[in-house]
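Report on the structure given below.
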Amino acid sequence: MRCLIFISVLLLVGVCQAVERDYQLKPQQVAEDTYVLIGHDEHFSFSNGGNIVNTGFIVTEAGVVVIDSGPSRLYGEQLKAAIARVTDKPVVKLFITHMHPDHFLGNQAFEDLPIGALKKTQGGIRLLGETFNDNLYRLVGSWMKGTRVVAPNLQVEPGLEEIGGHRLQLIALKGHTGADLVILDQTSGVLFAGDLVFYGRTPTTPHARLDEWQAALQQLQKLDFKVLVPGHGPPVTSEVAISQTSAYLNWLQTYLTEQAGSGAAMAELLQPEAPQHLRELAVFSEEYTRSLSHLYPALEAAALAEGKVEQQQ
Ligand SMILES: [Zn+2]
């Protein structure tokens, strides 16, 4: 009898292990010592398990530096395993580019390490992390099993940091969120741009300030890089991803501001007039609709306020 129970337990464990989900993470080398794991150009869904994001790592002489930890505990653990297939060096540090859940919910796999982020990113994750976690669980289900929020434990200051022969320039910008960390590896020329840059995929704007974002993109244009790793979309060797992000944001702001000025109701704008090259970006329709709901009420209020000012004059 005991033997039967033992065998049943073994079978059960076997079944549980068999259904452990697999993100199929495959590091792609983009420069010497430098690898990127490229997510799907999609929305969060059960089929992609929330893997819509790019993460990356640099194999330095002092150990591995990871940039962003992905959308779940499971992703973080599988990222760690993917790194171990490339190098036997230990991970020594993780940087989180900004507070969005697809970029930091894998932190659990690295929680005994320094996890660096800008101060506002630390605060944002402490404040909103659990809400993001719950929301992602609703969207991707069991891929999130056992995921809990681990806030970054190290405040990053902008400046140069040398790690194992790699000279990292840590740059504090904002616009996609209130704090966007960009990392330029001056040794390899790889620029990890976080979600300030999307390539081939429509930018998201839930915490965006579009003027600040455009100013940040101008800063990025000035940097001397060989490869740019966007937060979403494939790595690229030119500045085309920066100008594409800028073009979309510029169109979005101009179009919505004009429509607000003419008194259009939000419901009238669900089928926008947009240039073909922007319509062709992945998930254009869904992201535009989300942006419309995030951004339009404030633009309507501003147009109304300006109208009142004119009436008073
Ligand atoms: Zn983001």
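Tabulated data
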quantity	calculated
Near pairs, Cβ below 8 angstrom, 6+ apart or cross-chain, from segment 40-69 (touching a residue at least 40 places away in the same chain (Cβ under 8 Å)) to any residue that is surrounded by fewer than 22 Cβ atoms within 10 Å (Cβ to Cβ) and of a type in the set (S, T, N, Q)	42/48; 58/188
Whichever residue in segment 180-206 is open to solvent by less than 10 Å² (accessible area, probe 1.4 Å) and over 20 Å from residue 244 (Cβ atoms) and, among such residues, is nearest to the ligand (Cβ to nearest atom)	181
Residues (farther than 14 Å from residue 202 by Cβ and surrounded by 13 or more Cβ atoms within 10 Å (Cβ to Cβ)) located in segment 256-295	256, 257, 259, 260, 261, 264, 266, 269
Positions within segment 207-225 being surrounded by 13 or more Cβ atoms within 10 Å (Cβ to Cβ) and either part of a helix (DSSP H, G or I) or away from the ligand (no atom under 16 Å from the Cβ) (or both), in sequence order	210, 212, 213, 214, 215, 216, 217, 219, 220, 223, 225
Number of the condition not met by residue 151 [criteria: (1) within 28 Å of residue 32 (Cα to Cα); (2) open to solvent by 20 Å² or more (accessible area, probe 1.4 Å)]	(1)
Among residues of segment 157-169, those that are open to solvent by 10 Å² or more (accessible area, probe 1.4 Å) and among the hydrophobic types (A, V, I, L, M, F, W, C), counted	2
Residue that is farthest from the ligand (Cβ to nearest atom), among those in segment 97-122 that are of a type in the set (S, T, N, Q) and open to solvent by less than 10 Å² (accessible area, probe 1.4 Å)	107
Matching entry among 94, 79 (being part of a strand (DSSP E or B), open to solvent by less than 10 Å² (accessible area, probe 1.4 Å) and at pLDDT 95 or above)	94
Test: residue in segment 29-38 that is closer than 23 Å to residue 111 by Cβ and at pLDDT below 95	no
Index of the failed condition, residue 87 passing every other in (1) buried (at least 22 other Cβ atoms within 10 Å of the Cβ); (2) under 24 Å from residue 189 (Cβ atoms)	(1)
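The values are calculated or read from the model by the stated rules, or taken from the named source; none is laboratory data. All values derive from a computational prediction rather than experimental measurement. Note: ideal-geometry Cβ built from the backbone for every residue, glycine included; neighbour counts use all protein chains shown. The accessibility values were calculated without ligands, DNA or RNA, using every heavy atom of the protein model including side chains. Shrake-Rupley method; radii C 1.70, N 1.55, O 1.52, S 1.80 Å.
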